[in-house]
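Worksheet: one structure, shown below.
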Amino acid sequence: MVQAQSQYWRDVLAKVANNSSQKRPFFSMAPMEAVTDTVFRRVVAKAGGPDVYYTEFTNAASMVHPKAKFSVQGRLAVAPGEQQPIAQLWGSKPEELEGAAKLLPDMGYQAVDLNMGCPDGTVVKNSAGSDLIRHPDTAVALIRATKKAGLPVSVKTRLGFYKPEEFRDWLPIIFKEQVEVLTIHLRSRKEMSKVPAHYEYIDEIIAMRDELAPNTLLQLNGDIKNFEHGMELYHEHPGVDGIMIGRGVLEDPYAFNQTESTHSLQDSIQLLKLQLDLFDEVNTAKLPKHFEALKRYFKIYLRGFPHAAQLRQALMDTHSTAEVRELLAQHAEALELA
Ligand SMILES: Cc1cc2nc3c(=O)[nH]c(=O)nc-3n(C[C@H](O)[C@H](O)[C@H](O)COP(=O)(O)O)c2cc1C
């Protein structure tokens, strides 16, 4: 049984053990750019959320730059009463990571995650994200610099840059840094998300962790649809400590529910309404949000309900939360019957 190193992660594990009827790993919602902001995190929490949340990835260089600071504020915003997420940072300069991580405690953050897996061209060109797999010395320097801020440091990465088999060289380097959690998206950068996640390597990675970093928690990520699927993987590989779900939540906001329950269209519409309300709450002159970005969510909430197809289509032509509410009111009777 792996012992978490920091109080933060010990608390996460203790809470999971105390609140579950079965032995299980911790579950987290994956950091997702333009998705896992304070609004969506709170909607997922309402639907029955995970044990751990992450912010969208945030550029350390902007955080420490006096002029760019403003541009990343919204990403790290946490609402009063909301469960504090883990801040995910990206960058390539140790002093910037250290500086950015030092700002986090005053914002309420208790843990920090380093992005070493992002495949995006702009991030890779900045020698960050998955490019660190090709520059392990920099990766190590970033971990050590971030640790100086005093928060528990975790890393999220991929198996390799070009080939998944690179994990045999790459992961030991990170394990040797004794990070708190190593989250592995089980694909290479080159594979993007185009091939199935490589579950065939899980046991080899567990053995590597047991040998090199027995107190590092190992979290799996890639194609895991929901709680049940996560539990299947856990039962096949009991050495795993955490399960991270990303796109599964975009298909089903109830993905973290531990018991299979059927949710009605009304339940989903309530989630959509909550999302609209929270969107309006955070969409201030100081931190403006784009209404268009809300549209990706309409299909999440209205998926799988044949009667809702027409409404979904109509919602795509709206331009404001007020228009969305009006449409929902107009369709209320039909939706009641659905
Ligand atoms: C829209 C979107 C945005 C993402 N943004 C981030 C990010 O900011 N940081 C990160 O580490 N990974 C990011 N990812 C990758 C996910 O965290 C996750 O590793 C990937 O989607 C595979 O997991 P899944 O199959 O459960 O979705 C993003 C993925 C998606 C789909």
Which residue pairs have Cβ atoms under 7 Å apart, sit 6 or more places apart or on different chains, and have a first residue in the stretch 14-30 that is without any contact (Cβ under 8 Å) to a residue 40 or more places away in the chain and a second that is within 16 Å of the ligand (Cβ to nearest atom)? Lys15/Asp51; Val16/Phe26; Val16/Asp51
Just to check your reading of the model, which residue among Gln275, Gln270 is surrounded by 20 or more Cβ atoms within 10 Å (Cβ to Cβ) and either farther than 30 Å from Leu114 by Cα or outside the structural domain of Asp203 (by TED's automatic domain parsing) (or both)? Gln275
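Take the residues of the stretch 52-111 that are part of a helix (DSSP H, G or I) and among the polar types (S, T, N, Q): which is farthest from Val181 (Cα to Cα)?
Kept after step one, since they are part of a helix (DSSP H, G or I), are these residues of the stretch 52-111: 60-64, 69-76, 94-103, 105-107.
From the residues that got through so far, the ones that are among the polar types (S, T, N, Q) too are 62, 71, 73.
Details: Ser62: 25, Ser71: 28, Gln73: 25 Å.
Looking at residues that are part of a helix (DSSP H, G or I) and among the polar types (S, T, N, Q), I get Ser71.
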Among the residues of the stretch 23-41, is any more than 13 Å from the chain's Cα centre (by Cα), more than 30 Å from Ala213 (Cβ to Cβ) and buried (at least 16 other Cβ atoms within 10 Å of the Cβ)? yes
Any residue at all in the stretch 53-72 that is modelled with pLDDT under 95 and closer than 26 Å to Asp223 by Cβ? no
Is there any pair with a first residue in the stretch 248-271 that is among the charged types (D, E, K, R) and a second that is away from the ligand (no atom under 15 Å from the Cβ) and assigned to a loop (DSSP other than H, G, I, E, B) whose Cβ atoms are under 8 Å apart and which are 6 or more apart or on different chains, and what are they? Glu251/Arg303; Asp252/Arg303
Top-ranked residue in the stretch 107-145 [being within 13 Å of the ligand (Cβ to nearest atom) and among the charged types (D, E, K, R); ranked as modelled with the lowest pLDDT]: Asp120
Which one is nearest to the ligand (Cβ to nearest atom), of the residues in the stretch 234-250 that are buried (at least 20 other Cβ atoms within 10 Å of the Cβ) and hydrophobic (A, V, I, L, M, F, W, C)? Ile245
Out of the residues in the stretch 41-51 that are in a helix (DSSP H, G or I) and out of contact with any helix residue (DSSP H, G or I) (no Cβ under 7 Å at 6 or more places or on another chain), which is modelled with the lowest pLDDT? Gly48
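The values are calculated or read from the model by the stated rules, or taken from the named source; none is laboratory data. Everything quoted here is computed from the prediction, not taken from an experiment. In this analysis, Cβ positions are derived from the backbone assuming ideal geometry, glycine residues included, and neighbour counts consider all displayed protein chains.
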